[in-house]
Amino acid sequence: MNTPTTESLTLQEQGQQLSVLGAFANSEQFQMAKQAAEMLASSSMVPTTYQNNPGSCFIALNTALRLRMDPLMIMQNLYVVQNRPSWSGQFAIALVNICPKFSATWFEYRNEEDFQKGVRMCAQMKTGQNVYGTWITPEMVKAEGWGKKWQTMPEQMYKYRAAAFFARTNCPEALLGLSVEGEAEDMAGKSQPDIKPPLFKSREISRGDVVDAEKVADSPRQLGDAEVPGKGDVEVPPPHIRLMEALSCTEEQLNAAIAKASGNKVKSWHEMNAAQMEKLAANPDKLQPFIG
């Protein structure tokens, strides 16, 4: 049997470090990832969430490096719900399937004729031992108050959630700590809208009336709490969350509306200070014509 050389061990250690740290492994790796992120952000072939957004591209690249996968594949399967990155359900299942711990994976139904009686994910380890995930049951779905997707695509949601629970118990490294499709929406208490909101009567709106881009540039965003009516009596969601709920839109659609309303001088709500966001949240109808 060949004895590993010092050089081969060093290469192996470097590979392990790259796998764990990704783009942050060293300064050279960081600069290369930064340049690649800027290039991807300028492409029209990446998902719209990543276009003109080198920061998000960098995070996707770092995730790809850690998983040793193609960056475009990561971008196509990693999305954000209210600032929480999540894997698509099918990709989460794929990550479990390719986990080197297991030789086979499958879903088990409590009742073969009715998946809603309960679904769990199972796997056979390389040692031959079987491991089992948590049963996802209708009682659990009802008790947790999981959202609209459980009515529109129940079988898929049962499998996605079963895969998420299984991974966190038996191979947490596969998901890198991220949530799985539907989880972030359920935690927020509202699923992503799958239809466009009803159209309001349009009127002529001054772009400066919606977002004053020059004031945004002159005044840094406040990190403290904004003065919100009723604060102290009840917990009030942040203004961007209230805007998304009022407009029935996603964060991406909200940012696009803000960009249109400001003549593309303000790219997203992140560039606005707390007072400006509160003013906009108090008058969501001003953004309505720019949604969709």
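The values are calculated or read from the model by the stated rules, or taken from the named source; none is laboratory data. Computed from a prediction, not measured in an experiment: that's the story for all the values here. Cβ: placed from backbone, ideal geometry, glycine included. Neighbour counts: every protein chain shown.
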Total residues in segment 128-150, condition surrounded by fewer than 14 Cβ atoms within 10 Å (Cβ to Cβ) and either free of Cβ contacts under 8 Å to residues at least 24 places away in the same chain or among the small types (Gly, Ala, Ser) (or both): 7
Cys122 vs. criteria surrounded by fewer than 19 Cβ atoms within 10 Å (Cβ to Cβ), modelled with pLDDT of 90 or more and farther than 30 Å from Glu28 by Cα: yes
Out of Asn111, Asn97, Asn83, sole residue that is at positive phi and surrounded by fewer than 16 Cβ atoms within 10 Å (Cβ to Cβ): Asn83
Count of residues meeting criterion [farther than 20 Å from Phe91 by Cα, hydroxyl-bearing (Ser, Thr, Tyr) and touching a helix residue (DSSP H, G or I) at 6+ places or on another chain (Cβ under 6 Å)] in segment 31-77: 0
Condition broken by Leu72, with the remaining ones in (1) within 20 Å of Leu176 (Cα to Cα); (2) assigned to a strand (DSSP E or B); (3) of a type in the set (A, V, I, L, M); (4) at pLDDT 90 or above satisfied: (2)
Flag for Ile93 being more than 15 Å from the chain's Cα centre (by Cα), modelled with pLDDT of 90 or more, in a helix (DSSP H, G or I) and under 23 Å from Ala164 (Cβ atoms): yes
Residue within segment 282-290 that is polar (S, T, N, Q), assigned to a helix (DSSP H, G or I), surrounded by 16 or more Cβ atoms within 10 Å (Cβ to Cβ) and at pLDDT 75 or above present: yes
Output for segment 101-127, where each listed residue is out of contact with any helix residue (DSSP H, G or I) (no Cβ under 8 Å at 6 or more places or on another chain), in a loop (DSSP other than H, G, I, E, B) and in contact (Cβ under 8 Å) with a residue 24 or more places away in the chain: Lys126
